[in-house]
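Q: My questions will all concern the structure given below.
The values are calculated or read from the model by the stated rules, or taken from the named source; none is laboratory data. None of these values were measured; they are calculated from a predicted model. As a convention, Cβ positions derive from the backbone with ideal geometry for all residues, glycine included, and neighbour counts pool all protein chains shown. The accessibility values were calculated without ligands, DNA or RNA, using every heavy atom of the protein model including side chains. Shrake-Rupley method; radii C 1.70, N 1.55, O 1.52, S 1.80 Å.
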Amino acid sequence: MKVYKRYRNFIIYSIFGFLASLLNIIVFNWLHNHAQITLLIANTIAWFVANLFSFIANKKIVFQSRYQTPKTLLKEMVLFLSQRILALVLDNILMWLGINWLHWHNLIVKVIDQIIVGLVNYFSTQAIFTHENKILQKRLENLRQRQKNLH
């Protein structure tokens, strides 16, 4: 149980990250291999669908970010998506290299790509959701300290 408590966020992030990656792979496969949409467009659409799922899962379940003022929500979403746009660039580069340069099957490349991108995403996503909570927790602590000093 100590291991779970210590690594809770990583374990739960990994589960939802796996689900987001699976969603990404399924959407990509359908768009590229069945609907015949070009590689980078199919990959970008799959990225977008998976990241909508990821934002909600990360905010509510993984990092349990509870501060939901419109300003905080907007800030988290902008930070999340802007970080993920950098991951999309990495994603598209890995897909293009794996398929066009190495000539590997697109689903094999997509699976490898999702593992690499998933690890990069974990550390940056953790920073986004825990940063805002730390600021608000510090403000609450300062407020409590001031109230304590008044009494």
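Q: Pairs K2/K59; K59/K110; K5/K148: which exceed 29 Å Cα-Cα?
A: Over 29 Å Cα-Cα: K5/K148.
Q: Label H34 and V120 with points 7 Å out from Cα along Cα→Cβ: what is the distance between them in nm?
A: 2.8 nm
Q: Return the distance in nm (one decimal) between the two label points of a simple spin-label model at F53 and I93, each offset 7 Å from Cα along Cα→Cβ.
A: 2.6 nm
Q: As a test question: what accessible area, to the nearest 10 Å², does L119 have when a 1.4 Å probe is rolled over all protein chains in place?
A: Taking all protein chains as shown, L119 has close to 90 Å².
Q: Let me ask something else. Around L107, what is the net charge, scoring Lys/Arg as +1 and Asp/Glu as -1 over all other residues with Cβ under 15 Å from its Cβ?
A: Its environment carries a net charge of -1.
Q: Continuing with this model, one more query. Could you go through the range 12-26 in sequence order and give the Karplus-derived ³J(HN,Hα) for each residue, using 6.51 cos²θ - 1.76 cosθ + 1.60 with θ = phi - 60°, rounded to whole Hz, and x for Gly and Pro?
A: 5, 4, 5, 5, 6, x, 4, 5, 5, 5, 4, 4, 4, 5, 5
Q: Further question on the same structure: Say the dipole of the range 1-135 comes from +1 at the beta carbon of Lys and Arg and -1 at that of Asp and Glu; which of L74, I41, H105 then lies farthest toward its positive end?
A: It is L74, whose Cα lies furthest towards the positive end.
Q: If you don't mind, there's one more thing I want to ask. Can you bin the range 41-95 into rounded, prolate or oblate? Criterion: square roots of the alpha carbon gyration tensor eigenvalues sorted a ≥ b ≥ c, rounded for a/c under 1.5, prolate for a/b above b/c, oblate for the rest.
A: Prolate, because a/c is 1.5 or more and a/b exceeds b/c.
Q: Could you give the length gained on full extension between K2 and W101, defined as 0.36 nm per residue of separation minus the Cα-Cα distance, in nm?
A: 31.1 nm
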